[in-house]
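Heads up, the thing below is written out as structure tokens.
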Amino acid sequence: MRAVTFQAPGEVRVDEVPDPELLAADDAIVRVGASGICGSDLHIYHGRVKIDPGFVIGHEFVGEVVAAGDDVTRVSVGDHVLGTYATACGRCFFCERGEFHRCDESRVFGHGANLGSLQGAQAELVLVPHANLALRPVPDGLSDDVALFAGDVMGTAFHAIESRPLAEGESAAILGMGPVGLCAVQVARAAGASEVIAVDTVEDRLRMAESFGATPVHLTEQDPRAEVKRLTEGRGVDLVVEAVGHPEALELALRLARKVGTVSVTGVYAEPVEVHMGILWIKALTLTSGHANVIKHVDRVLELLSEGKLDPAPLVTHHMNLDEAPDAYRVYANREALKIVLSP
């Protein structure tokens, strides 16, 4: 089968690799109909996350089940399904508490040995371990473009807002208007936030955030701290979502949160950074971080997508063929696309 493989920083290519085979009774194999390129894929592309050359990348996918083990009960061969970005066993200490994102056997698609050596989904076929948790039927009437977001990007945004959780009438600031940040704007508004402040440097992304109901604030042409104070009677926001993954964004998030507020760090960090504990401590902030618990939230996210209360379709700016993946990654790395969907 054809698949997108990492070769070296700044280089991916489409290779012929062996077809996956069922290895366990709760495995499934999905013929991929659409896969997404995610911001965390760029960390691999740029060499920030280390994986071996030749490894298949990608962790967002929608497709058709073409094989399933005897213990797979949630989906059947022929079903149109979406996959979550990672797997979970469903029976360990953490899974029994609903903490699927920290499952002892969790494996992230397409992220190499450090995250489980599970080959990725930017391919014609993908092996899905623990399919009863990692796969969901796509609701009738939901497009592949929209369903694709439930398994990672919108699920991650939902997790970030739910980390407080944000209550009706509260305020939020979202740092970084990539797909996760823009989805977080939608989730915050759907949760009933009275004020959602979107911070970025890209005008097109700020305009999209505004169309979703946010107040746009330019990071460098305006003063985000002053704007947040102005919009929150000087207090700061109840919740800040840091969707960038950069030390400067993290420090800004700490400063924008009100006293006894929450900072939810969903941006990816792969190296040590300094945290201003003085701000964190003196303001009595709650700091949450880590992989999103998408498996826990995926059914609710699908409901909200089906009801039209969340709609990520405007975020998809490019559709490209799997064979165009090297060009797609260059386009995405150059910020010439917001979300790219690949089709085999």
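The values are calculated or read from the model by the stated rules, or taken from the named source; none is laboratory data. Remember, predicted model here, so these are calculated numbers, not experimental data. Positions of Cβ are generated from backbone atoms using ideal geometry, with glycine treated the same way; all protein chains shown enter the neighbour counts. Calculation scope for accessible area: heavy atoms of the full protein, side chains included, ligands and nucleic acids excluded. Shrake-Rupley method; radii C 1.70, N 1.55, O 1.52, S 1.80 Å.
Restricting region 13-28 to residues that are part of a strand (DSSP E or B) and touching a helix residue (DSSP H, G or I) at 6+ places or on another chain (Cβ under 9 Å), the residue that is surrounded by the fewest Cβ atoms within 10 Å (Cβ to Cβ) is Arg13.
Residue by residue, here is whether (1) open to solvent by less than 70 Å² (accessible area, probe 1.4 Å); (2) closer than 15 Å to Ala25 by Cα; (3) not in a loop (DSSP other than H, G, I, E, B) holds:
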{"position": "Gly47", "(1), (2), (3)": "yes, no, no"}
{"position": "Gly54", "(1), (2), (3)": "yes, no, no"}
{"position": "Gly58", "(1), (2), (3)": "yes, no, no"}
{"position": "Gly63", "(1), (2), (3)": "yes, no, yes"}
{"position": "Val72", "(1), (2), (3)": "yes, yes, no"}
{"position": "Val75", "(1), (2), (3)": "yes, yes, no"}
{"position": "Gly78", "(1), (2), (3)": "yes, no, no"}
{"position": "Ala88", "(1), (2), (3)": "yes, yes, no"}
{"position": "His101", "(1), (2), (3)": "yes, no, yes"}
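Kindly check whether there is at least one residue in region 272-284 that is buried (at least 16 other Cβ atoms within 10 Å of the Cβ), touching a helix residue (DSSP H, G or I) at 6+ places or on another chain (Cβ under 7 Å) and farther than 14 Å from Asp200 by Cα. No, region 272-284 contains no residue that is buried (at least 16 other Cβ atoms within 10 Å of the Cβ), touching a helix residue (DSSP H, G or I) at 6+ places or on another chain (Cβ under 7 Å) and farther than 14 Å from Asp200 by Cα. For Asp299, the test of being in a helix (DSSP H, G or I), closer than 30 Å to Asp144 by Cβ, in contact (Cβ under 8 Å) with a residue 12 or more places away in the chain and open to solvent by 20 Å² or more (accessible area, probe 1.4 Å) is passed.
Among the residues of region 248-264, is there at least one that is buried (at least 18 other Cβ atoms within 10 Å of the Cβ), out of contact with any helix residue (DSSP H, G or I) (no Cβ under 6 Å at 6 or more places or on another chain) and of a type in the set (Lys, Arg)? Yes, that holds for at least one residue.
Could you tell me which residue of region 222-247 is surrounded by the most Cβ atoms within 10 Å (Cβ to Cβ), considering only residues that are in contact (Cβ under 8 Å) with a residue 12 or more places away in the chain and assigned to a loop (DSSP other than H, G, I, E, B)?
Ala243
Of the helices (runs of 4 or more DSSP H) lying entirely inside region 115-219, those containing at least 2 residues that are open to solvent by 10 Å² or more (accessible area, probe 1.4 Å) and of a type outside the set (D, E, K, R) span 131-134, 153-162, 179-190, 203-211.
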